[in-house]
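The next block holds one structure in the form of structure tokens; read it before the comments.
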Amino acid sequence: MAFGGFNRGSAPAPMAEINMIPLIDVMLVLLVIFIITAPLLTHAVKLDLPRAASHPNLTRPDHITVSVDAAGNFFWNGEGVSRAELDARLAAAAKQNPQPELHLRADRATRYENVAEVMSDAARFGLARIGFVSDPDTEAN
């Protein structure tokens with residue numbers, strides 16, 4: 001008997017283990033098949049494609065220069081405007097896509113209140129990019 005043992009007194013019991021040898025044989029055969037067929041499945045055609053050297057076109061938004069002098073007068077790109085007209089132009093600029101940058105210039109003797117009002121109006125209408133323009137001192141104090 002193939003499954004016999006040295007102990008003759010006990011009855012042979014059924015085996016409860018899986019026979020792994022056929023499973024391993026099938027896996028090895030599949031592995032060999034895949035190793036042989038894998039290079040055949042890659043269809044690559046060598047093409048000499050042209051090279052494109054392009055750079056992204058970055059559109060820089062325009063900038064608006066709002067100036068405030070010492071007397072409290074407002075200027076839109078060098079043109080004198082009233083307070084109501086400044087608000088209307090800020091609202092129109094905020095609706096543009098892309099939004100322009102607001103460059104704020106103020107005279108040295110300008111009250112901070114006027115500058116703060118322009119900044120708050122710009123923020124209220126939705127202009128997010130506000131920059132201050134100044135003239136650097138050429139002489140050391």
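Every number here is computed from the coordinates shown, using simple stated rules; none is lab data. In this text, all values refer to a predicted model and were calculated from it rather than measured experimentally. Here the Cβ positions follow ideal geometry from the backbone for every residue, glycine too, while neighbour counts run over all protein chains shown.
What the table below lists for this structure:
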| read-out | value |
| --- | --- |
| For A106, residues with placed amide H under 5 Å, excluding near neighbours | V68, V133 |
| Distance between region 14-29 and region 65-141 - C-alpha centres, whole angstrom | 83 |
| Segment E113-R129, length gained on full extension (0.36 nm per residue, minus Cα span) | 3.8 nm |
| Label-point separation, D121 to A38 (7 Å along Cα→Cβ), nm | 7.1 |
| Separation of the R83 and M20 label points, Cα + 7 Å toward Cβ, nm | 9.0 |
| Region 64-141: C-alpha gyration tensor shape, a/c 1.5 cut-off, then a/b vs b/c | prolate |
| Neighbour-limited loop hits for chymotrypsin sites (Phe, Trp or Tyr not before Pro), region 76-141 (at most 14 other Cβ within 10 Å; DSSP other than H, G, I, E, B) | none |
| Estimated distance in nm for a label pair at H103 and H63, the labels positioned 7 Å out from Cα along Cα-to-Cβ | 0.4 |
